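For reference, the structure is listed below as structure tokens.
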Amino acid sequence: MTDTPDGRPENYGRLLQQASSSMGQELGRFAARYGLTEVQMAVINFMSSQPGGQVPQHAIEAEFHIRRSTVTVTLQRMEARGLLTRSQAADDARRKIVRLTARATRDVEAIHHYIDHEQREFERRFSPTQIDDFKAALAFFGRVHDDEEADRDMAGLDESQDTNVGTGERGKAPSPATTTTTTTGPTTIPPTRKRECAADVDQLPPR
């Protein structure tokens, strides 16, 4: 273990966040070659692995651990671009079935090639034991509480943010001269909270 100069433990979550950001930027550059965003690329990659290239919408929500409203916005944008279609399920009008179009499937081979190449390179550089340890670390940072506990977490976060850094006084805004911007990484919103709390639809990692 490594401690920082002030004696605090190293912020591994921040390192993970930085790596995820860099990976997302690289994925975004690749996706842009095909007129896609990294989010669209992630959805296409996931759906292409399902039978018939179709899934119920709730499967996408579960895959990316985000709420229905966020997924709906993403899918609406993709539908408008001709990448997929959405229709009511035959057995339940409340459920939506999502299908890839020919426009999306024409890019599947390139997407698979890119992602598979990255995975093989990762497996080449690290031993099976290291990869297992890496998976265990990801599971730790990716763990998700139930909705009730997540709501309590967010309520506590909102309350703590009422106390302004720089004054220590609840509800009193700091003066402009003392206001600073800092990068705190995932220690601000610990990874135990639902990833949907930061539901920026353009920041989802491809699976």
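The values are calculated or read from the model by the stated rules, or taken from the named source; none is laboratory data. As the structure is a prediction and not an experimental result, all values here were calculated from the model. Neighbour counts are summed over all protein chains in view; Cβ atoms, including those assigned to glycine, are modelled from backbone coordinates with ideal geometry.
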Check: For the range 23-38, which residues satisfy the criterion of being assigned to a loop (DSSP other than H, G, I, E, B) and surrounded by fewer than 17 Cβ atoms within 10 Å (Cβ to Cβ)?
Finding: R33, Y34, G35
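Results for (1) of a type outside the set (F, W, Y); (2) within 27 Å of S20 (Cβ to Cβ); (3) at pLDDT 95 or above; (4) in contact with a Lys or Arg (Cβ under 8 Å, 6 or more places away or on another chain), shown as yes or no for each residue.
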site: R67; (1), (2), (3), (4): yes, yes, no, no
site: R86; (1), (2), (3), (4): yes, no, no, yes
site: R120; (1), (2), (3), (4): yes, yes, yes, no
site: I131; (1), (2), (3), (4): yes, yes, yes, no
site: A137; (1), (2), (3), (4): yes, yes, no, no
Notebook entry, point to check: For the range 47-89, which residues satisfy the criterion of being of a type outside the set (S, T, N, Q), in a helix (DSSP H, G or I) and crowded, with 17+ Cβ neighbours inside 10 Å?
Noted result: M47, G53, I60, E61, E63, F64, V71, L75, M78
